[in-house]
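Here's the structure, in structure tokens; my notes come after.
The values are calculated or read from the model by the stated rules, or taken from the named source; none is laboratory data. Being a predicted model, the structure only gives us computed values, none of them experimental. All Cβ positions, even for glycine, are placed from backbone atoms using ideal geometry, and neighbour counts span all protein chains on display.
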Amino acid sequence: MRKFLVILDDSRECLNAMRFAAMRAAKTGGGVEILSVIEPEEFNHWIGVGDIMREEARERIEVHYEVFAKWMRDRQGIDPELVIREGEPVAQILAQIQDDPDIGVLVLGAGTDKKGPGPLVTQLSRSAGTLPIPITIVPGDLSKDRLEAIT
């Protein structure tokens, strides 16, 4: 089964990417894999503190995931998978794509502020020509109705 890989982070545009991935998966008989990346801690020399911070990050990710997963199950009939990785986000996204051959599309949300589409969209679109799968970039300001119409 082809899976849509979508990134769970603290950005506002993440919401539309989640919606798009779930709607497309539901309409095409696919699945959704939600990836969240815990970035390296700056305080590596405080091992105990780093472990606590990592555990807190995992708990926060799981709470956010459950909100999206419930919506996907209830509204789209999709039961998403959660993957949590640690490291630099772009490297971990690429590693996940390599590790899971069922991933067929990477779905990213684009920011709407004046700073640009966001770091993930900027970095990954530069290497889009060499990726083994296509990237779908979902505008962060699309309405629910518009998302439904295009999926």
**OP:** Name every residue in segment 100-128 that is touching a residue at least 40 places away in the same chain (Cβ under 8 Å) and not in a loop (DSSP other than H, G, I, E, B), in order of residue number.
**Re:** ILE103, GLY104, VAL105, LEU106, VAL107, LEU108, GLY109, ALA110, LEU120
Original post:
Quick one: would you say GLN92 is at pLDDT 95 or above, assigned to a helix (DSSP H, G or I) and of a type outside the set (Lys, Arg)?
Top reply: yes
Subject >> Test for VAL32: is it at pLDDT 95 or above, within 19 Å of LEU147 (Cα to Cα) and surrounded by 20 or more Cβ atoms within 10 Å (Cβ to Cβ) >> reply: yes
Original post:
When you look at GLY118, is it within 18 Å of PHE20 (Cα to Cα), in contact with a Cys (Cβ under 9 Å, 6 or more places away or on another chain) and of a type in the set (Gly, Ala, Ser), yes or no?
Top reply: no
**OP:** Exactly one condition in (1) surrounded by 12 or more Cβ atoms within 10 Å (Cβ to Cβ); (2) at pLDDT 95 or above is not met by VAL49; state its number.
**Re:** (2)
**OP:** With respect to ILE97, determine if the residue is in contact (Cβ under 8 Å) with a residue 24 or more places away in the chain, touching a strand residue (DSSP E or B) at 6+ places or on another chain (Cβ under 8 Å) and not in a strand (DSSP E or B).
**Re:** yes
**OP:** Give GLU55, GLU41 a once-over and let me know the one that is assigned to a loop (DSSP other than H, G, I, E, B), among the charged types (D, E, K, R) and modelled with pLDDT under 95.
**Re:** GLU41
**OP:** Output the residue which, of all residues in segment 72-105 that are buried (at least 16 other Cβ atoms within 10 Å of the Cβ) and over 15 Å from the mean Cα position of the chain (by Cα), is nearest to SER36 (Cα to Cα).
**Re:** ILE78
